[in-house]
Amino acid sequence: MASSDVVSQGANLSDAAVGKRDADSIGLVYKGFVKRKLLLAAVLFLSLILLAGLSATLGSSGLTLADVYAAVLARAFPGYFQASWLGEMVVWELRLPPIIMGILAGMGLAAAGAAMQGILRNPLASPFTLGISSAASFGAALAIILGAGLAGGEYLIVLNAFIFSLIAAAAVFVLAEIKGISSESMVLAGIAIMYFFSALTSVLQYVGRSEDVHALVFWTMGSLGRSTWHSVGLVFVVVALCLPWLLWKSWDINALESGDEIATSLGVDINKTRMATMTIASLITAAIISFTGTIGFIGLVAPHMARIVIGGDHRFLLLTSALMGALLLLGADAVGKTVFAPAVLPVGLMTSLLGVPLFVYLFMKRRKKSC
């Protein structure tokens, strides 16, 4: 064999070794990247467990954090943990339903907001800027002021709000289809639907009796206090079915956020994915606000906070946004219980009061980074 061939083969082996070493180093960097994301999610989850326990003690002078966890563990693992009968009854019957509803609502609204911002490539997209909240308020107004709806009794308001939320989502799809399904057309259609249902709600408030208008205003402020185990179970089913679907579609949402042309080149059916994701996000939002009333800013602020700390990869962003949303909603509820105690401020009012300065701060921070 000629010496030149030996040198050539040696160079090829050297290049292969370098390439393998580079690939191994990239793999190690990526594994470290994933571990950091998962570690942050674990920290957020543990913080959520701690905040839920602290929230359960608010407003009760005799209930401690240890009593709360003992009551939960005693019911979950009977025979292994002990708790007083009174403490167990207070925690399970009075404190846990609103807390779990707050966790589910925060997770669902934040994940829906993150998905909408991704597929529409619009940082202001959220379940509420697209008209879903306004439609739910109109449905509740029909039930409270006129007593009109498809059901009776305690489910009149809930079913009305749920149905009109889905009607708003369907109207957005129809208007976007007429214009041509794109991120811009869906945002514009959502804004039009929002103002339309807001105007209809104002008309009902104008002609309604003062006590009915007062009840409607309280409903639109949002509250976790109306939560029961039955309503928690229904919302849990919707969130548990829809959130994994969004996580499964995270690659497609990543592609859509990069642009329609890039998504199409990667084999993503942009119209089908956009419609399906909007449908799932709308279903999550409708199920939540039909029981809690209007809770704003969670679906808008939580994804921005998560994006700052974890980046824009929706494989991690959706889960982190959900945990952030749950923390924000439970935190706002805790503040509402303590600021004017013993009076309790509605959680929707607190999320708006706390969300506006927080959103302005995030906006200014992102602007400084872009300069």
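The values are calculated or read from the model by the stated rules, or taken from the named source; none is laboratory data. None of these values were measured; they are calculated from a predicted model. Counting neighbours? That spans all protein chains shown, and the Cβs are built from the backbone with ideal geometry, glycine included.
Would you say residue 125 is of a type outside the set (Ser, Thr, Tyr) and either under 26 Å from residue 209 (Cα atoms) or part of a helix (DSSP H, G or I) (or both)? Before the answer, list the steps.
Details: of a type outside the set (Ser, Thr, Tyr): yes; either under 26 Å from residue 209 (Cα atoms) or part of a helix (DSSP H, G or I) (or both): no.
No.
Exactly one residue out of 276, 263, 281 is within 27 Å of residue 173 (Cβ to Cβ) and either in contact (Cβ under 8 Å) with a residue 40 or more places away in the chain or surrounded by 23 or more Cβ atoms within 10 Å (Cβ to Cβ) (or both): that is 281.
Here is a yes/no grid of residues against (1) touching a Pro at 6+ places or on another chain (Cβ under 9 Å); (2) modelled with pLDDT of 85 or more; (3) assigned to a helix (DSSP H, G or I); (4) surrounded by fewer than 18 Cβ atoms within 10 Å (Cβ to Cβ):
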{"residue": "184", "(1), (2), (3), (4)": "no, no, yes, yes"}
{"residue": "189", "(1), (2), (3), (4)": "no, no, yes, no"}
{"residue": "193", "(1), (2), (3), (4)": "no, yes, yes, no"}
{"residue": "196", "(1), (2), (3), (4)": "no, yes, yes, yes"}
{"residue": "201", "(1), (2), (3), (4)": "no, yes, yes, no"}
{"residue": "206", "(1), (2), (3), (4)": "no, yes, yes, yes"}
{"residue": "223", "(1), (2), (3), (4)": "yes, yes, no, no"}
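Scanning the stretch 331-349 for residues that are part of a helix (DSSP H, G or I) and surrounded by fewer than 24 Cβ atoms within 10 Å (Cβ to Cβ) returns 331, 334, 335, 337, 338, 349.
Among the residues of the stretch 275-282, none qualifies, meaning not one is out of contact with any helix residue (DSSP H, G or I) (no Cβ under 7 Å at 6 or more places or on another chain) and not in a helix (DSSP H, G or I).
Filtering the stretch 262-293 to residues that are out of contact with any Gly (no Cβ under 6 Å at 6 or more places or on another chain) and among the hydroxyl-bearing types (Ser, Thr, Tyr) leaves 264, 265, 273, 277, 279, 282, 285, 290.
For the stretch 71-89, a residue qualifies if it is out of contact with any helix residue (DSSP H, G or I) (no Cβ under 8 Å at 6 or more places or on another chain) and assigned to a helix (DSSP H, G or I), and the qualifying residues are 73, 76, 85, 86, 89. The single residue among 213, 158, 172 that is surrounded by 14 or more Cβ atoms within 10 Å (Cβ to Cβ), closer than 25 Å to residue 318 by Cα, of a type in the set (A, V, I, L, M) and touching a residue at least 24 places away in the same chain (Cβ under 8 Å) turns out to be 172.
Of all residues in the stretch 242-266, those being at pLDDT below 85 and not in a helix (DSSP H, G or I) number 3.
Is it fair to say residue 302 is under 30 Å from residue 144 (Cβ atoms), surrounded by 18 or more Cβ atoms within 10 Å (Cβ to Cβ), of a type outside the set (D, E, K, R) and at pLDDT 80 or above? Yes, satisfied.
Yes or no: the stretch 49-68 includes at least one residue that is in a helix (DSSP H, G or I), more than 29 Å from residue 310 (Cβ to Cβ) and touching a residue at least 24 places away in the same chain (Cβ under 8 Å).
First pass over the stretch 49-68, keeping only residues in a helix (DSSP H, G or I): 49-57, 65-68.
Within this subset, residues satisfying the condition of being more than 29 Å from residue 310 (Cβ to Cβ) are 57, 66-68.
Now narrow it down to the ones that are touching a residue at least 24 places away in the same chain (Cβ under 8 Å): 67-68.
Yes, because at least one residue in the stretch 49-68 is in a helix (DSSP H, G or I), more than 29 Å from residue 310 (Cβ to Cβ) and touching a residue at least 24 places away in the same chain (Cβ under 8 Å).
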